[in-house]
Amino acid sequence: MSTVQSKLFVQTVVSQTTTLVFPLAARSFVDRMLSSAMETPHLLYALLASSDGHNARRTAPTQFKNTTLEFTNNAIAGLRVALADPRNAHKVEMAVTAMALCTNDICDGHLDFFRVHLAGVREMVSGFLGPNIRHDPLAIYLFKWFAALDVSAGLSLFHSSSINGGLYEASRAVFRSSQGYVDDICGYSLELLPILAEIGNLARVRYDQLQLPALGSDVHVLDMEDIHIVSQANAIEMQIMSLSKPKVSASILDGHEEELAEELRNTHAAFVHTALLHLHRRVKLLPKTHPIVRLDVRIILQLVSAIRPSSTVNILLLWPIFSAGCESDDLTERTVIDERMSIMQSLGMGNFTRARNVLQGFWDAGTDLRWDVYLAQLGVDLVLF
């Protein structure tokens with residue numbers, strides 16, 4: 001990093017990866033993160049590891065394997081040293097480094113490491129949510145980045161989201177600044193975040209119910225719990241349906257007004273209907289063949305199909321695409337889903353590679369089990385971010 005040429009090279013490499021992982025993010029976020037990386041070695045190493053890993057998935061993996069591991073180890077070692085210094089306690093760059101490592105873990109399929117890093121970020125993030133967060137774009141994006149990952153993980157069976165606790169209450173300033181708009185990190189209105197977190201929590205309760213032994217359980221208690229969960233699900237469904245259609249910020253559009261604006265409205269709507277799909281299948285326990293479930297799937301695929309296959313907006317749509325695929329036995333629908341995931345995989349998106357492999361395995365198994373139950377039995381964890 002001692003020469004101008006080296007810095008320009010790193011900025012180019014890291015910026016290319018960042019703009020793919022966060023295809024809608026404002027330039028101010030990317031520039032602020034890069035400028036911080038130039039002054040923060042552990043953050044720089046984490047971003048270089050991300051870029052190396054991304055390039056390895058697009059080209060010859062052996063070319064980058066050693067350097068990716070070296071960058072990752074240097075990032076972790078540097079972060080540990082920095083964490084030991086009390087003067088760094090409230091530096092946002094610490095949590096951004098951990099978030100970059102979390103995202104790399106997802107793309108590389110290292111979900112055990114992901115959970116460790118995310119737990120560390122959760123502790124750090126809570127220290128940045130004071131009133132001054134609105135004055136630092138990196139802190140704002142850090143929280144939205146964390147919230148998107150935390151909620152995505154919470155929609156699996158292996159992680160309980162922390163968004164609906166005190167952390168969400170403390171972050172209202174962040175949500176208020178983006179209220180009514182499609183978010184440039186998540187791809188949907190931030191008003192959906194606590195709703196998605198709650199759906200994940202209820203789905204986990206339902207899964208736990210399935211594990212109860214048939215004998216020895218209090219049937220009356222289970223019936224009362226079922227009534228309560230269905231009542232909660234109905235309330236959430238009404239909340240979802242009452243959400244207003246968000247606007248699209250001019251800062252995201254950046255001269256591509258009509259086409260991109262329509263794609264982002266479709267992106268938000270795809271998340272809305274995917275939330276309903278999970279509510280209907282995993283909380284209300286409707287069968288895959290139920291007309292309401294089939295309608296959910298058809299609407300999601302209509303919305304996704306209206307987005308250009310080559311658009312990087314698709315990078316944000318892994319959760320809707322995967323969810324629709326798990327609930328479809330239709331070969332035409334499955335072909336559309338697999339082709340869209342393949343395109344994103346070719347861009348070096350390792351999360352699409354892993355999700356696509358899992359989805360194809362689920363299809364091949366021909367099981368009657370719901371996808372989350374089937375994957376839980378196999379011990380397969382996914383974070384669909």
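The values are calculated or read from the model by the stated rules, or taken from the named source; none is laboratory data. Just so it is clear, the model here is predicted, and its values are computed rather than measured. Positions of Cβ are backbone-derived with ideal geometry, glycine not excepted, and every protein chain shown enters the neighbour counts.
Restricting to segment 240-253, name every residue that is touching a Leu at 6+ places or on another chain (Cβ under 8 Å) and at pLDDT below 90. If you could, list the steps in order and put the result at the bottom.
Our first condition is that a residue be touching a Leu at 6+ places or on another chain (Cβ under 8 Å); within segment 240-253, this holds for 240, 243, 248, 252-253.
Selection gives VAL248, ILE252, LEU253.
Can you give me the number of residues within segment 59-78 that are modelled with pLDDT of 80 or more, of a type outside the set (Ser, Thr, Tyr) and either surrounded by fewer than 24 Cβ atoms within 10 Å (Cβ to Cβ) or not assigned by TED's automatic domain parsing to the domain that holds VAL96 (or both)?
From segment 59-78, those modelled with pLDDT of 80 or more are 67-78; that's our starting set.
From what's left, of a type outside the set (Ser, Thr, Tyr): 69-71, 73-78.
With either surrounded by fewer than 24 Cβ atoms within 10 Å (Cβ to Cβ) or not assigned by TED's automatic domain parsing to the domain that holds VAL96 (or both) added as a condition, the list becomes 69-71, 73-74, 76-78.
Here the count works out to 8.
Evaluate segment 115-123: report whether one residue or more is β-branched (Val, Ile, Thr), more than 20 Å from GLU93 (Cα to Cα) and at pLDDT 85 or above.
Taking every residue of segment 115-123 in turn, none turns out to be β-branched (Val, Ile, Thr), more than 20 Å from GLU93 (Cα to Cα) and at pLDDT 85 or above.
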### Query
Residues of segment 343-374 being hydroxyl-bearing (Ser, Thr, Tyr) and without any contact (Cβ under 8 Å) to a residue 40 or more places away in the chain, which ones?
THR367, TYR374
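Quick check: is even one residue across segment 79-87 within 21 Å of THR19 (Cβ to Cβ) and of a type outside the set (Asp, Glu)?
Of segment 79-87, the ones within 21 Å of THR19 (Cβ to Cβ) are none.
Among the residues of segment 79-87, not one is within 21 Å of THR19 (Cβ to Cβ) and of a type outside the set (Asp, Glu), which makes the answer no.
Regarding segment 355-367, can at least one residue be identified that is among the charged types (D, E, K, R) and surrounded by 16 or more Cβ atoms within 10 Å (Cβ to Cβ)?
Initially, segment 355-367 is screened for residues among the charged types (D, E, K, R), giving 356, 364.
Now drop any that are not surrounded by 16 or more Cβ atoms within 10 Å (Cβ to Cβ), which leaves 356.
So far as segment 355-367 goes, yes, one or more of its residues are among the charged types (D, E, K, R) and surrounded by 16 or more Cβ atoms within 10 Å (Cβ to Cβ).
Please verify whether segment 355-373 includes one or more residues that are touching a helix residue (DSSP H, G or I) at 6+ places or on another chain (Cβ under 8 Å), in a helix (DSSP H, G or I) and under 22 Å from THR17 (Cα atoms).
First, pick out the residues of segment 355-373 that are touching a helix residue (DSSP H, G or I) at 6+ places or on another chain (Cβ under 8 Å): 355-356, 358-360, 362-363, 365, 367, 369-373.
Now drop any that are not in a helix (DSSP H, G or I), which leaves 355-356, 358-360, 362-363, 365, 371-373.
Then drop every residue that is not under 22 Å from THR17 (Cα atoms), which leaves 355-356.
Within segment 355-373, one or more residues are touching a helix residue (DSSP H, G or I) at 6+ places or on another chain (Cβ under 8 Å), in a helix (DSSP H, G or I) and under 22 Å from THR17 (Cα atoms).
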### Query
(1) farther than 23 Å from ARG204 by Cβ; (2) in contact with an Asp or Glu (Cβ under 8 Å, 6 or more places away or on another chain); (3) of a type in the set (Lys, Arg): which one isn't true of LYS288, the others all being true?
(1)
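Here's the yes/no breakdown for (1) more than 18 Å from HIS273 (Cβ to Cβ); (2) modelled with pLDDT under 75; (3) out of contact with any His (no Cβ under 7 Å at 6 or more places or on another chain); (4) surrounded by fewer than 18 Cβ atoms within 10 Å (Cβ to Cβ):
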site: SER171; (1), (2), (3), (4): yes, yes, yes, no
site: LEU202; (1), (2), (3), (4): no, no, yes, no
site: ARG206; (1), (2), (3), (4): yes, no, yes, no
site: GLN209; (1), (2), (3), (4): yes, no, yes, yes
site: LEU212; (1), (2), (3), (4): yes, yes, yes, yes
site: GLY216; (1), (2), (3), (4): yes, yes, yes, yes
site: ASP226; (1), (2), (3), (4): yes, no, yes, yes
site: MET238; (1), (2), (3), (4): no, no, yes, yes
### Task
Could you please tell me which pairs satisfy a Cβ distance under 9 Å, a separation of 6+ or placement on different chains, a first residue in segment 126-146 that is surrounded by fewer than 13 Cβ atoms within 10 Å (Cβ to Cβ), and a second residue that is at pLDDT below 85?
GLY130/ALA170; GLY130/ALA173; PRO131/ALA173; ASN132/ALA139
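Listed here are the residues, each with its yes/no results for (1) of a type outside the set (A, V, I, L, M); (2) out of contact with any Leu (no Cβ under 8 Å at 6 or more places or on another chain).
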| site | (1), (2) |
| --- | --- |
| ILE315 | no, no |
| ILE321 | no, yes |
| MET344 | no, no |
| LEU359 | no, yes |
| LEU369 | no, yes |
| GLY379 | yes, yes |
### Task
Determine whether segment 273-294 contains at least one residue that is in a loop (DSSP other than H, G, I, E, B) and surrounded by 22 or more Cβ atoms within 10 Å (Cβ to Cβ).
no
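Among the residues of segment 296-334, which ones are in a loop (DSSP other than H, G, I, E, B) and touching a residue at least 24 places away in the same chain (Cβ under 8 Å)?
Taking segment 296-334 as the starting set, the residues that turn out to be in a loop (DSSP other than H, G, I, E, B) are 306-311, 327-330.
Correct list: ALA306, ILE307, ARG308, PRO309, SER310, SER311, GLU327, SER328, ASP329.
This table checks each residue for (1) of a type in the set (A, V, I, L, M, F, W, C); (2) touching a Gly at 6+ places or on another chain (Cβ under 9 Å).
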| site | (1), (2) |
| --- | --- |
| LEU43 | yes, yes |
| LEU47 | yes, no |
| ASN74 | no, no |
| VAL96 | yes, no |
